[in-house]
1. Any chance region 66-87 includes a residue that's among the acidic types (Asp, Glu), more than 21 Å from the chain's Cα centre (by Cα), farther than 16 Å from Ala31 by Cβ and surrounded by 19 or more Cβ atoms within 10 Å (Cβ to Cβ)?
2. Within region 84-95, identify whether any single residue is outside any helix (DSSP H, G or I) and not acidic (Asp, Glu), and answer yes or no.
3. Are any residues in region 207-222 closer than 12 Å to Ile302 by Cα and touching a Ser or Thr at 6+ places or on another chain (Cβ under 7 Å), and if so, which ones?
4. Can you report the number of residues in region 46-78 which are modelled with pLDDT under 85 and part of a helix (DSSP H, G or I)?
5. Within region 231-242, identify whether any single residue is surrounded by fewer than 17 Cβ atoms within 10 Å (Cβ to Cβ) and under 33 Å from the mean Cα position of the chain (by Cα), and answer yes or no.
6. Give the residue, chosen from Glu192, Glu258, that is acidic (Asp, Glu), touching a residue at least 12 places away in the same chain (Cβ under 8 Å) and closer than 28 Å to Arg151 by Cα.
7. Of the residues Glu252, Glu305, Glu310, only one is in contact (Cβ under 8 Å) with a residue 60 or more places away in the chain, among the acidic types (Asp, Glu) and not assigned by TED's automatic domain parsing to the domain that holds Pro143; which?
Amino acid sequence: MSDNEHTLIQGSQNSPATRLAAAPFDNLPDADIILRSTDYVDFRVHKGVLSIASPIFGDMFRMGREEKKGEEIGGLPVVPMLTEDSKVLDIVLRLCYPVDKPTFDKVEDIQRILPAAEKYQMGAALKHLGEKLVSPQFLIPEPFRVFAVARRYDMENEVRIAAKQTLRHSLPGPDIPEMKSISASSHLQLWEFRNCRVIPATVVASNFSWVANREQVKREWSFLGGCSCAKDVTTPVNFADGAISPTKYWREYMRRAETALGSNPSGTTVTSAAILWPTVGDMRISGCPTCSAPRALENLRIFSEVFATEIERVTIEVNLFSGMVIIHRRNLLQVTANFQFD
C-alpha cells in the first residue's frame, strides 16, 4: 500500500503518528523532499522551488544536510521543522508556490507567518506579507499595530506608510501589545515624527498668507470676501488686490483645525466631519441666504481639501527613514520664526 493512499501514517512506538498535508502538498508531482511540521504533518515539496524562495533552504540542500537526518518515506528524505506548525508551514509554502495565495483576516495572522519568512529569508514572501500588512484592511483601523509589526521586522517602506497613517489618530495608551514589543528608540522615533509635523501644520492654520496664493481659493467665496455678514476684522487675508476680512464661521473653523492639528498633524484632520461639520452647521443656521446656500457649503468643502493639501505640502520634509527621523531643521526653524509660503 502506497504512503499516498492514506492521510494517516502510523508512527513507531517512540514517535507520534504523522499525516499528509492538505492539497497540493499531499501529492505534488515530482516532489523530492518532505518537510515535517512540529505537529507532524508532512508536506511533499520540491527542493528547486524552496531553493529559489529561500537561500537558507538552498544552502541546506547544496550541503546535503537533509539527507543526514536518516528518515525517508517513499524514498524522499524527511526534514523535521523545528518551530513551524502545519498552519504556518502551509501558508509559507503557498507564498512560495504558484497557487492561490492565503488570505489574512487579522494582523495576528500575518504576525504568525513573519518569523518563518524572516528566518528563511524568503524575500518574495516578506514582500507579500508587507503589502498585506499595510493594506487598508489593517492600516486604516490599526495603524499603530501595523507600525509596531513593521518596525519589529525592519520593513522600512511599511514603517513609513504606517507612521504617516498614525498621524490621523491620537497617541495610543498601553493597550496595544505590539507597541510593547518594539524598542524605546522606535517609540521615540514615532513621537518625534509626529511632534516635528505639529509646528508647520499648526502654523498653516494660523498664518493665512498661503490662502491668497492658491488659485483654487476664490476671494468671492462667502466665508472669505463674498459676504458682508459676521465679519472677523481681526484676521485679514491679504489678496493681491487688497485685504479681506473673512467671516467668523471660517475663523472658528481655522481655530478648531489648529487645535486638532496639535494632536493629529495630518491633512485628513481638517477635512474630517468633527472639524468641518460644526462650521457647516453654523453656516446653515446663520440666516444669511449667501452663507447658507448649498454653493457656499460646497466651497467650504473645496477649501478644506486645499487646506489639507497645504498641510501635507509643508510637512513633507519630515520623514521617517532607516530608524531615524530626518528633519530639515534649518527649514523647520525658519518655519517657526517666519513661516514662508510659496
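1. Going through region 66-87, the residues among the acidic types (Asp, Glu) turn out to be 66-67, 71-72, 84-85.
Then keep just the ones that are more than 21 Å from the chain's Cα centre (by Cα); that gives 66-67, 71-72, 84-85.
Within this subset, residues satisfying the condition of being farther than 16 Å from Ala31 by Cβ are 84-85.
Still in the list and also surrounded by 19 or more Cβ atoms within 10 Å (Cβ to Cβ): 84.
Yes.
2. Pass one, region 84-95, residues outside any helix (DSSP H, G or I): 84-85.
Still in the list and also not acidic (Asp, Glu): none.
No, region 84-95 has no match at all.
3. Passing the criteria: none in range.
4. Adding up the residues that qualify gives 4.
5. Among the residues of region 231-242, not one is surrounded by fewer than 17 Cβ atoms within 10 Å (Cβ to Cβ) and under 33 Å from the mean Cα position of the chain (by Cα), which makes the answer no.
6. Values: Glu258 fails: closer than 28 Å to Arg151 by Cα.
So the residue among Glu192, Glu258 that is acidic (Asp, Glu), touching a residue at least 12 places away in the same chain (Cβ under 8 Å) and closer than 28 Å to Arg151 by Cα is Glu192.
7. Details: Glu252 fails: in contact (Cβ under 8 Å) with a residue 60 or more places away in the chain; Glu305 fails: in contact (Cβ under 8 Å) with a residue 60 or more places away in the chain.
That would be Glu310, the only listed residue that is in contact (Cβ under 8 Å) with a residue 60 or more places away in the chain, among the acidic types (Asp, Glu) and not assigned by TED's automatic domain parsing to the domain that holds Pro143.
Residue-by-condition table, conditions (1) in contact with a His (Cβ under 8 Å, 6 or more places away or on another chain); (2) loosely packed, with under 14 Cβ neighbours inside 10 Å; (3) on the phi < 0 side of the Ramachandran plot:
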{"site": "Asp154", "(1), (2), (3)": "no, yes, no"}
{"site": "Glu158", "(1), (2), (3)": "no, no, yes"}
{"site": "Leu167", "(1), (2), (3)": "no, no, yes"}
{"site": "Leu171", "(1), (2), (3)": "no, yes, yes"}
{"site": "Pro177", "(1), (2), (3)": "no, yes, yes"}
{"site": "Ser181", "(1), (2), (3)": "no, yes, yes"}
{"site": "Ser186", "(1), (2), (3)": "no, no, yes"}
{"site": "Cys196", "(1), (2), (3)": "no, no, yes"}
{"site": "Val204", "(1), (2), (3)": "no, no, yes"}
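The values are calculated or read from the model by the stated rules, or taken from the named source; none is laboratory data. Bear in mind the structure is a predicted one, so any value in this text is a computation, not a measurement. Note that each Cβ is placed from the backbone with ideal geometry, even for glycine, and that neighbours are counted across all protein chains shown.
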